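The values are calculated or read from the model by the stated rules, or taken from the named source; none is laboratory data. All values derive from a computational prediction rather than experimental measurement. Virtual Cβ from ideal backbone geometry, glycine too; neighbours counted across all protein chains shown.
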Amino acid sequence: MIENPTTREMQAGKIRRYTDNASSPASLNWILCERRVIGTLLSVSVFLILMGFIFQMSMLYLPKFLGRDMFWGLFNLNGESNIPAAFSALLLMLATLILGVISGARRQIKSADASAWRALTLIFGFLALDEAAGLHERTANIVNSIVKTDGILFYAWVIPYGTLTLVVGLAFLQFMRQLPATIRNRIILAGAIYIVGALGMEVLEAKVVSNAGTQNFLNQGLIVIEEGMEMLGVTLFIGALLRYVRLYLPDLQLRVSVAPATPLTPRNSNDD
């Protein structure tokens, strides 16, 4: 009598035949070109800034036309849950990923600065989450419930975030000093651009909005500058990190594998 194979046996046979045909372990090598990555990110940033500027100006000066409101919603540089917001969050996530790789590599060789790289990873992870979820706006509501702000502090989130920025900057002074000059200068430039965009432009926008409202050329122009500086700052920071990997971690390899499944232990009926 010939027994029919069970489903599990058939699946196991397929897996064995598939793996037996593989002459060598599968591998996928990604080589990141610093200039190509930065060029691509800058190109996307410029496109989004231009589209945002065009549709923001159309909302101010052009009569309503088919699709205007839809495209403005998609490319509104001051909006949430749209293309520019998603791209900004992805930029910060990419920076977080690279920082995590550097942190892991430095920790593996027991470097003294491994903890600083890990702290940077956590900070940029928070910034990515903030960009995606709009945490700073929720923070503004909390601050406004405690103290009423106006003028340059109309957007009250700049108070706690500005304070934290100063504290973090002071805490990382020693770390920045020990970095190679070429990397340190690039990170300082990227950070300055990002902070001036995120905090400096926001303060100017707050002054304009408190006096003249949001729907005017000056406020919309400041929004374009703010978002452009934020995208540029993070992109330059990513470039500095890639250069650091290329120059100071040239043999870095990242391998991804899947752990074998743990077999289930049959339950003993006598245990009941």
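Candidates 87, 47: the one that is out of contact with any Leu (no Cβ under 8 Å at 6 or more places or on another chain), of a type in the set (Phe, Trp, Tyr), under 30 Å from residue 121 (Cβ atoms) and at pLDDT 90 or above is 47. The set of residues from segment 183-200 being in contact (Cβ under 8 Å) with a residue 40 or more places away in the chain and more than 24 Å from residue 156 (Cβ to Cβ) comprises 183, 186, 187, 189, 190. Only residues that are hydrophobic (A, V, I, L, M, F, W, C) and either crowded, with 17+ Cβ neighbours inside 10 Å or on the phi > 0 side of the Ramachandran plot (or both) were counted in segment 176-195, giving 5.
Quick one: is residue 100 of a type in the set (Gly, Ala, Ser) and within 20 Å of the chain's Cα centre (by Cα)? Answer is yes for this residue. So, in segment 36-48, of the ones that are free of Cβ contacts under 8 Å to residues at least 40 places away in the same chain and of a type outside the set (A, V, I, L, M, F, W, C), which residue ends up nearest to residue 216 (Cα to Cα)? Looking at the filtered set, the residue picked out is 43. Are any of the residues in segment 65-77 in contact with a Ser or Thr (Cβ under 9 Å, 6 or more places away or on another chain) and either under 23 Å from residue 250 (Cα atoms) or charged (D, E, K, R) (or both)? Scanning segment 65-77, I find at least one residue that is in contact with a Ser or Thr (Cβ under 9 Å, 6 or more places away or on another chain) and either under 23 Å from residue 250 (Cα atoms) or charged (D, E, K, R) (or both), so the answer is yes.
Taking the criterion of being surrounded by 12 or more Cβ atoms within 10 Å (Cβ to Cβ), of a type outside the set (Lys, Arg) and within 24 Å of residue 88 (Cα to Cα), would at least one residue in segment 138-146 satisfy it? Taking every residue of segment 138-146 in turn, at least one turns out to be surrounded by 12 or more Cβ atoms within 10 Å (Cβ to Cβ), of a type outside the set (Lys, Arg) and within 24 Å of residue 88 (Cα to Cα).
Conditions tested, residue by residue: (1) closer than 29 Å to residue 43 by Cβ; (2) of a type in the set (A, V, I, L, M, F, W, C); (3) modelled with pLDDT under 95.
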{"site": "155", "(1), (2), (3)": "no, no, yes"}
{"site": "171", "(1), (2), (3)": "no, yes, no"}
{"site": "197", "(1), (2), (3)": "yes, no, no"}
{"site": "229", "(1), (2), (3)": "yes, yes, no"}
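How many residues are among the small types (Gly, Ala, Ser), surrounded by fewer than 21 Cβ atoms within 10 Å (Cβ to Cβ) and within 13 Å of residue 154 (Cα to Cα) if we restrict to segment 201-253? Result for segment 201-253: 3.
You will find that of 70, 51, 57, the residue that is free of Cβ contacts under 8 Å to residues at least 40 places away in the same chain and either over 22 Å from residue 201 (Cα atoms) or surrounded by fewer than 17 Cβ atoms within 10 Å (Cβ to Cβ) (or both) is 70 and no other. Checking 89, 112, 95, 128 one by one, the residue that is in contact with an Asp or Glu (Cβ under 7 Å, 6 or more places away or on another chain) and closer than 21 Å to residue 168 by Cα is 89 and no other.
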